[in-house]
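The values are calculated or read from the model by the stated rules, or taken from the named source; none is laboratory data. Because the structure is a prediction, the values reported are computed rather than measured. Using ideal geometry, Cβ is built from the backbone for each residue, glycine included, and neighbour counts are taken over all protein chains shown. Surface areas here come from the heavy atoms of the whole protein model, side chains and all, with no ligands, DNA or RNA. Shrake-Rupley method; radii C 1.70, N 1.55, O 1.52, S 1.80 Å.
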Amino acid sequence: MKRNTLALAMLLLFAVDARAASIHLEDDIACDSREVQQTRVRLTRIIMTTDNEQAKDQATREIIEVTKERCVPLTGIFVIQNRVQGLLKVSTKEGVDLWLVE
């Protein structure tokens with residue numbers, strides 16, 4: 001509880017200081033391009049809506065593969081750089097731009 005309260009307080013201070021929208025993430029999946037994240041969303045929809053087990057298995061394999069190759073877990077407070085079609089663009093301290101689902 002203390003950790004979450006501290007994180008929220010830091011987030012609020014950071015947002016006020018930066019005068020920009022920011023987000024607190026804990027082990028969210030961020031990918032190196034908007035297209036990759038859109039592919040993950042599309043494949044997730046296939047898994048959730050289809051009754052075809054073979055299609056579900058194929059989509060699951062594709063999500064695992066693209067996530068391993070082009071995505072990373074992300075934890076911390078990040079300034080939102082851009083919003084596009086339900087996706088958020090954030091930048092790491094190292095200057096790497098990453099996309100995640102809003």
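Name the residue that is surrounded by the most Cβ atoms within 10 Å (Cβ to Cβ), counting only residues in the stretch 63-102 that are among the charged types (D, E, K, R) and touching a Ser or Thr at 6+ places or on another chain (Cβ under 8 Å).
Among those residues, the one meeting the criterion is Arg70.
Just checking, does the stretch 37-52 include any residue being part of a loop (DSSP other than H, G, I, E, B), more than 20 Å from Leu25 (Cβ to Cβ) and not charged (D, E, K, R)?
Scanning the stretch 37-52 turns up at least one residue that is part of a loop (DSSP other than H, G, I, E, B), more than 20 Å from Leu25 (Cβ to Cβ) and not charged (D, E, K, R).
Please determine, by comparing only the residues of the stretch 22-54 that are open to solvent by less than 30 Å² (accessible area, probe 1.4 Å) and aliphatic (A, V, I, L, M), which one is farthest from Lys89 (Cα to Cα).
It comes out as Leu43.
Name, by its number, the condition in (1) touching a Phe, Trp or Tyr at 6+ places or on another chain (Cβ under 9 Å); (2) part of a helix (DSSP H, G or I); (3) not acidic (Asp, Glu) that does not hold for Ala59.
Exception for Ala59: condition (1).
For Leu12, all conditions in the list (1) closer than 21 Å to Thr75 by Cβ; (2) at pLDDT 90 or above; (3) in a helix (DSSP H, G or I); (4) open to solvent by 70 Å² or more (accessible area, probe 1.4 Å) hold save one; what is the number of the exception?
Leu12 satisfies every listed condition except (2).
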